[in-house]
Amino acid sequence: MKIIPLALAVLAVIALVAFVARSLAVGGHRLSAINSAGVHHGPITRFAETAFGVPHLVAGKGTTAGKQVVPCAATGVIPLGFAEDEAAVGEAVAIEMSYGRTVLGVASGAIAADVDVYTAAGGKLSATGGAGKYLMGRSATAAAADGDEIEIVPCRPVLQS
């Protein structure tokens, strides 16, 4: 007789976990941890520094690199992608990146979040551009030292002159 209440309790816990998981969804996608290392094949999650009044606005780098986004102005704000939904200030918002996904690379030294990254010796990435180097994308996370993995939003390689 004690098995039935135990089974009901287990089902209730499973239902609660499923409810919480669904309530954390943004734009139909599971929230990605802010600055979690790895490859993101879907949207990344950032926090709205200013409100996104409607879905699908172009989202750009906010004041806190790698954590905040703002709706892009015509100039002066570096685009990251498109906000999947509206968001009030401080709310999490899923950003569908312009290129579609992130990739991992290896840093040749310290690289800040939300900066352009270029080719460097040994197949690594650097925040320093220059003639003959290729722009490879934009850093989504920071790297502290040579050999650190870094998540980037890739672009078509662009030769620097």
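The values are calculated or read from the model by the stated rules, or taken from the named source; none is laboratory data. Source: prediction; values computed, not measured. Cβ: placed from backbone, ideal geometry, glycine included. Neighbour counts: every protein chain shown.
Yes/no matrix, rows are residues, columns are (1) of a type outside the set (A, V, I, L, M); (2) surrounded by fewer than 16 Cβ atoms within 10 Å (Cβ to Cβ); (3) in the same structural domain as Met136 (by TED's automatic domain parsing); (4) over 28 Å from Gln160 (Cα atoms):
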| site | (1), (2), (3), (4) |
| --- | --- |
| Ala48 | no, no, no, yes |
| Gln68 | yes, no, no, yes |
| Val77 | no, no, no, no |
| Ala113 | no, no, yes, no |
Exercise. Quick one: in the stretch 122-146, which of the residues that are surrounded by fewer than 19 Cβ atoms within 10 Å (Cβ to Cβ) and not in a loop (DSSP other than H, G, I, E, B) is nearest to the chain's Cα centre (by Cα)?
Worked result: Leu135
For this session: Please work out if Thr119 is outside the structural domain of Glu49 (by TED's automatic domain parsing) and either crowded, with 21+ Cβ neighbours inside 10 Å or in contact (Cβ under 8 Å) with a residue 12 or more places away in the chain (or both).
Result: yes
Problem set entry | Qualifying positions in the stretch 60-83 - at pLDDT 85 or above and in contact with a Gly (Cβ under 8 Å, 6 or more places away or on another chain) | Gln68, Val69, Val70, Pro71
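Got a number for residues in the stretch 49-70 being of a type outside the set (Val, Ile, Thr), farther than 20 Å from Ala112 by Cα and not in a loop (DSSP other than H, G, I, E, B)? Spell out the reasoning first.
Within the stretch 49-70, the first condition is being of a type outside the set (Val, Ile, Thr), and the residues that meet it are 49, 51-53, 55-57, 59-62, 65-68.
Filter again for farther than 20 Å from Ala112 by Cα, leaving 51-53, 55-57.
Add one more test, that the residue is not in a loop (DSSP other than H, G, I, E, B), and what stays is 52.
Summing the residues that are of a type outside the set (Val, Ile, Thr), farther than 20 Å from Ala112 by Cα and not in a loop (DSSP other than H, G, I, E, B) in the stretch 49-70 gives 1.
I'd like to check something: does the stretch 71-89 contain any residue that is in contact with a Cys (Cβ under 9 Å, 6 or more places away or on another chain), assigned to a strand (DSSP E or B) and at positive phi? Steps first, answer last, please.
Applying the first criterion (in contact with a Cys (Cβ under 9 Å, 6 or more places away or on another chain)) to the stretch 71-89 yields 78-80.
After this cut, where a residue has to be assigned to a strand (DSSP E or B) as well, the list is 79-80.
Narrowing the set further to residues that are at positive phi leaves none.
So far as the stretch 71-89 goes, no, none of its residues is in contact with a Cys (Cβ under 9 Å, 6 or more places away or on another chain), assigned to a strand (DSSP E or B) and at positive phi.
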Problem set entry | Number of the exception - Thr102 against (1) under 26 Å from Ser126 (Cβ atoms); (2) touching a Pro at 6+ places or on another chain (Cβ under 8 Å); (3) at pLDDT below 75 | (3)
